[in-house]
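The values are calculated or read from the model by the stated rules, or taken from the named source; none is laboratory data. Computed from a prediction, not measured in an experiment: that's the story for all the values here. Glycine also receives a Cβ, built like all others from the backbone with ideal geometry; neighbour counts cover every protein chain displayed. Keep in mind that these areas ignore ligands, DNA and RNA; they rest on the heavy atoms of the full protein, side chains included. Shrake-Rupley method; radii C 1.70, N 1.55, O 1.52, S 1.80 Å.
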Amino acid sequence: MSMDLVFAALADPTRRAIIDRLREGDKSAGELAEPLPISRSAVSQHLKVLETAGLITRSKSAQQRIVSLNADALTEATGWLQSAHDEWQQRFDNLDRILAEEVPTDLATTDPPTAE
């Protein structure tokens, strides 16, 4: 799975809405299309993008196409985001420490001058 495809797929609000609905459980393509203000063919195109990104799987059940969420793809994306967040948090913590060390002790404990 390509992280670029995952994030590109999640960049679209319609596709995020589809993912949100699938968090409730598997749905047919028709059920996913019902509340959306777009055509069924447009929904089908969105589903294809999500499937290509590895975020969903589609299967046939009788006359219906059943769509399922692939949580593994979301877990991988979440892991990447968490790793990036942790790295930047560490950098900010280091910057805070360095800035705190550079402030003279007498300035850090003295009240700021007041305007008269």
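Just a few scattered comments:
- Within region 57-76, considering residues that are under 15 Å from Ala33 (Cα atoms) and aliphatic (A, V, I, L, M), the one most open to solvent (accessible area, probe 1.4 Å): Ile66
- Entry remark, region 1-55: residues being among the acidic types (Asp, Glu), over 15 Å from the mean Cα position of the chain (by Cα) and part of a loop (DSSP other than H, G, I, E, B) number 3 in total.
- Any pair with Cβ under 6 angstrom, 6 or more apart, that starts in region 79-99 at a residue that is in contact (Cβ under 8 Å) with a residue 60 or more places away in the chain and ends at one that is outside any helix (DSSP H, G or I) and loosely packed, with under 10 Cβ neighbours inside 10 Å: none
Conditions tested, residue by residue: (1) farther than 18 Å from Asp20 by Cβ; (2) in contact with a helix residue (DSSP H, G or I) (Cβ under 9 Å, 6 or more places away or on another chain); (3) modelled with pLDDT of 95 or more.
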position	(1), (2), (3)
Ser41	yes, no, no
Thr52	yes, yes, yes
Leu69	no, yes, yes
Glu76	yes, yes, no
Leu81	no, no, no
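- Options Ala53, Ala42; residue that is farther than 16 Å from Met3 by Cα and either open to solvent by 30 Å² or more (accessible area, probe 1.4 Å) or not acidic (Asp, Glu) (or both): Ala42
- The residues of region 1-38 that are free of Cβ contacts under 8 Å to residues at least 24 places away in the same chain and either under 25 Å from Leu81 (Cβ atoms) or open to solvent by less than 60 Å² (accessible area, probe 1.4 Å) (or both), listed by number, are Asp4, Ala11, Pro13, Arg16, Ala17, Asp20, Arg21, Glu24, Gly25, Ala33, Leu36.
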